[in-house]
Every structure is written in structure tokens, then in C-alpha cells.
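So the structure is just underneath, and the comments pick up after that.
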Amino acid sequence: MQLKSKDLLGLEGVSREEINLILDTTESFHEVSERSIKKVPTLRGRTIINFFHEPSTRTRISFEIAAKRLSADGVNFSKSGSSFSKGETLLDTVKNLEAMQADVIVMRHGIPGAPHFIAQHLDAAVINAGDGAHEHPTQALLDMFTIKRHLGKLDGITVVIVGDIAFSRVVRSNIYGLITMGARVILVGPPTLIPVDIEKMGVEISYKLDDVIDQADVIMILRIQLERQGKVCLPSLREYAKLYSLTPERMKQARPNAVVMHPGPINRGIEIDPKIADGDHSVILEQVSNGVAVRMALLFLFAGRKELTEKR
Ligand code: ASP
């Protein structure tokens, strides 16, 4: 079994077999992070460039740690301090990075489709680390890995995703991935944050968390993406919190073994109460740990793709 594409640009169109390959590979790398010496020589001599054009804490650092744990040479690029301010285009910039023999370029960009555009022009593999409000495939993969570790499967489970459905890239990748893997997905949020026709992606919709919380095996909470909402989509954050925040009171309606997730960064007291974020149902920090293993698996699977494509 091989991955079809040179790049990981999103989970749209990625098959169940490919997702299983990534999750199974992650399982084998997960153990490396639990050793006292957390390093294997697997990607010695490979060059990974982290190209982050937007802020990031977890994704950037976990890609960096993943590269180091695989013995690859990881280099970080950030917008500030680069030649963007001198007028260099995105394509020229990444072509220059590729000319330094990068095997993988991990890219985060505020514009949806930016990684897809550069992937067409490069032989190096491109991994999308979040493009605008479009997709964040590595987050969804680490979410699915975490769910599978807790529930043993993805097929047939019910995942309730709550919050800013319209502007979250995490939700879009999770919908593609979870539906492909046979999960039932219920999206919950105020009507102003639920795109028209999103049901066509195979999901169900609810405007009231209290109506569906008891059906959830997994409750995935999203941050309100204030930085992406051009206009105000909510009467107030207080009003939002009253209806959608995951509070201890609301959690009483959930199944005793329901798993609570959040991709981070958390806005405590808005979309989630600190008692729940830090409580027994929460696997939020496990998601972060698993993120390193998922990114190790992805670097391993994609670092050699360039040569495969060249040989064809
Ligand atoms: N860290 C995730 C992202 O970059 C989630 C968020 O920012 O709300 O999309």
C-alpha cells in the first residue's frame, strides 16, 4: 500500500486505506516518543523546511520535534525576517528553498489553496499545516489517531463538533476524514456559523448542543476564529458561551465515557470551561503528544515521495 499523492494538501479525496496507512505508521512512531532517548536514524540526511506564514505553536513545534526525532535536518522559516518585506513572491521564495534540496516543505499560510499552488510547482513534497479557513489535515489525523486510541475504532462512532464551523479549517479536515472512516458527524453551532449546504458533506446539523450532547462518543470543541471572521457573526461571546460552552452542567448530559477534544489554542471560559478542559473527559494534551507521532509518520511517508515521482 502506497500513498497516491506526492503531497498532503488536505483529507478531501484521501481514501480509507491511505488514512489507515498513516494511522498505522503513527502507531509505530508513537513508541519512539516514550523512550528515554527519543531519536531514530530513519530520516538522516533528509531536509525538512517548516514554512510558517501564520502564527503557530503546536503544529510548528511538533513538526520541528518530529523532524529531530527522525534525525532529519529541520529548518524553520517564518514570515518576519524573510525577504517577503522586500517584495519576493511566495513562489520565488519556495523555489529558492527547494533549490537548497528540501525534501519536504511543511506550509502554513493564511490564504486557502496556497500549499496547493506551490505543490504544483515543486518536486519536493508539500504538507499543508493549515491554509486559511480551508483544511488542516495533520490536525484531523492526530484527532483521529487520538479517538482510535480511546475508542478502539472510528467506524460507527458519533462525533459532535461544536463551534465555529464556518471558519475552522480543523472541522473541514475532520469531516472529510471522519466520514471516510465511517463515523457519524453532527455539527453544532449558531446558524450564522454553519455554512449553507454543509450537509452535502455527509454530516448532520444541530443548532442546540443540549439536543445532541447525549449522543456523542466524542465532543470536539472548536475555537471561535475571530481573526478570520471579517464581520461579526455573533451577538456577543457571552451569549455564545451561554448556548455552546462546554460546562460541567452541560457535561452532565453526556455519556460517562465521552471524550472531550479541542485542537488548541483554548479560550478558557468561552468555548470550554476550565474544569472540563482540565477534567477527566479531556484528552486535549494527549492530542498534542499524539501530534508529534502523526507528524513523524507523515514526514517518514512523504520524505521519499520526491524520488518516487522522479522515477515514474
Ligand atoms: N490551531 C488550530 C488551527 O491552526 C485551531 C485554531 O487555531 O483554532 O487551525
Set of lysines near Lys86 by C-alpha distance (under 19 Å), chain-local residues within fewer than 8 positions excluded: Lys95
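Can you give the direction-averaged projected area of the convex hull of the alpha-carbon atoms in segment 1-108, in nm²?
Values: hull surface 32.8 nm².
With every direction weighted equally, the projected area is 8.2 nm².
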Of Asn50, Leu8, Ile19, farthest towards positive along the dipole that unit charges on Lys, Arg, Asp, Glu beta carbons give segment 1-71: Asn50
Contact order normalised by residue count of segment 211-282, Cα under 8 Å, 6+ apart, percent: 45 percent
Per principal axis, descending, Cα span of segment 234-284 in whole Å: 33, 24, 14
Per residue, the convex hull volume that the Cα atoms of segment 35-89 enclose (Å³): 91 Å³
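Need one number: convex hull volume per residue for segment 184-264, Cα atoms only, in Å³. Intermediate values should be presented prior to the final figure.
Values: hull volume 8.7 nm³, N = 81.
About 108 Å³ per residue, rounded to a whole number.
Please arrange Tyr176, Tyr207 by how many other C-beta atoms lie within 10 Å of their C-beta, fewest to most.
Values: Tyr176 21, Tyr207 15.
In increasing order of surrounding Cβ atoms, one gets Tyr207, Tyr176.
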Reachable aspartates and glutamates, given that their alpha-carbon falls under 19 Å from the alpha-carbon of Lys68 and they are not under 8 places away in the same chain: Glu27, Glu31, Glu34, Asp103
Helix 16-30 axis, angle to the chain major axis (alpha carbon atoms, nearest 10°): 80 degrees
Set of aspartates and glutamates near Lys200 by C-alpha distance (under 15 Å), chain-local residues within fewer than 8 positions excluded: Glu12
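Could you pull out the longest piece of the chain with no exposed loop GluC sites (Glu not before Pro) in it, calling a site exposed if DSSP puts it outside H, G, I, E, B and it has at most 14 other Cβ atoms within 10 Å?
On the way: sites that count: Glu88, Glu227.
Maximal segment without exposed cleavage sites: 89-226.
For segment 93-207, build the convex hull from the C-alpha positions and give me its volume per residue in Å³. Numbers along the way, then the final one.
Values: hull volume 12.6 nm³, N = 115.
In segment 93-207, the Cα convex hull volume per residue is 110 Å³.
For Thr180, Thr138, which order do you get if you count the other beta carbons within 10 Å of each Cβ and list the fewest first?
On the way: Thr180 20, Thr138 26.
Fewest-to-most Cβ neighbours within 10 Å comes out as Thr180, Thr138.
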Kirkwood hydrodynamic radius of the chain, from inverse mean 1/r over distinct Cα pairs, in Å: 20.0 Å
Cα radius of gyration and Dmax for segment 137-285 (Å): 13.9, 41
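Counting other beta carbons within 10 Å of each residue's own, what order do Asp143, Asp210 fall into, fewest first?
On the way: Asp143 28, Asp210 12.
The fewest-first ordering by Cβ neighbours comes to Asp210, Asp143.
Readers should treat all values here as calculations from the given coordinates under stated rules, not as data from a laboratory. Everything quoted here is computed from the prediction, not taken from an experiment. As a convention, Cβ positions derive from the backbone with ideal geometry for all residues, glycine included, and neighbour counts pool all protein chains shown.
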